[in-house]
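Here is the structure we will look at, set down as structure tokens.
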Amino acid sequence: MRSGATQDPSKKKRKSKQQTAAGGGKDPVSETEWRPPPAPVAEAATLLDTQIRSLAQLIGSTDDGHGRKAALVRITRLVRKTLSGGQARLIGSSALGLALPTSDVDLTVLGRSEAGRRADLDALQAAVQSSGLGRRCLVIHAKKVSILKFVEAQSGLSTDLSVAVPGGLTTLAWMRGQITERPSLHPLLLVLKL
């Protein structure tokens, strides 16, 4: 080829590949694409299990359990003070140990009648607002499950509170049974929530 003439780039690439195939130079792309042979299925499953458990442990270590517990104490005290015979019970992901640091908290109030649910939720909303326990209070009345939603003021914890809805406890008991029977579900569910 004459000096000063430009070479066709596609020919240059072919020449480079030909040199590599003939051992005339190293192709850095081929070297970085090398992969070890696949691990046996049992070994890969063990590695995946280890990685999932490690990630779940990391997720669990970022949860502010003390702030969450203190908020729950404040909320349950307000429920007892506002609703005679009312007992707040933790349900949902927090009760299962599946709460992420940004997860809300779900509670249901037992010891109250379904007939008085609407009045109880309105009374709780008024108590949360007047006591300064929460902000952004909103009662959502629905056919199946009505709830009081608010953000607990000190912790910033989003809270969903239902009254006289025992179904949450039934679901909680079933989920606990599943996790007890299949312990690998707990870390897997935490990772899937991400």
For Arg74, state whether it is among the basic types (Lys, Arg), modelled with pLDDT of 70 or more and either out of contact with any Cys (no Cβ under 8 Å at 6 or more places or on another chain) or open to solvent by less than 60 Å² (accessible area, probe 1.4 Å) (or both).
yes
Checking Lys143 against (1) touching a residue at least 12 places away in the same chain (Cβ under 8 Å); (2) not in a helix (DSSP H, G or I), which test does it fail?
(1)
Region 104-123, residues that are open to solvent by 70 Å² or more (accessible area, probe 1.4 Å) and aliphatic (A, V, I, L, M)
Ala115
Report whether or not Ser130 is of a type in the set (Gly, Ala, Ser), under 16 Å from Arg77 (Cα atoms) and either open to solvent by 20 Å² or more (accessible area, probe 1.4 Å) or in contact with a strand residue (DSSP E or B) (Cβ under 6 Å, 6 or more places away or on another chain) (or both).
yes
Pair list, Cβ under 8 Å, 6 or more apart: region 109-126 residue assigned to a helix (DSSP H, G or I), other residue among the hydroxyl-bearing types (Ser, Thr, Tyr)
Arg117/Ser146; Arg118/Ser146; Leu121/Ser146; Ala123/Thr82; Leu124/Thr82
Working only within region 147-162, note down all residues that are touching a Ser or Thr at 6+ places or on another chain (Cβ under 7 Å) and buried (at least 19 other Cβ atoms within 10 Å of the Cβ).
Ile147, Phe150, Glu152, Ser162
How many residues are in contact (Cβ under 8 Å) with a residue 24 or more places away in the chain, within 19 Å of the chain's Cα centre (by Cα) and in a loop (DSSP other than H, G, I, E, B) when one looks only at region 151-167?
2
Which of (1) more than 19 Å from the chain's Cα centre (by Cα); (2) surrounded by 13 or more Cβ atoms within 10 Å (Cβ to Cβ) does Leu172 not meet, given it meets every other one?
(1)
Take region 168-182 and flag every residue that is assigned to a helix (DSSP H, G or I) and over 17 Å from Leu90 (Cα atoms).
Gln178, Ile179, Thr180, Glu181
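The values are calculated or read from the model by the stated rules, or taken from the named source; none is laboratory data. Since the model is a prediction, treat every value here as computed from it, not as a measurement. Because the Cβ atoms are built from the backbone with ideal geometry, glycine has one as well, and the counts that use them run over all protein chains shown. Ligands, DNA and RNA are excluded from the accessible area calculation, which covers all protein heavy atoms including side chains. Shrake-Rupley method; radii C 1.70, N 1.55, O 1.52, S 1.80 Å.
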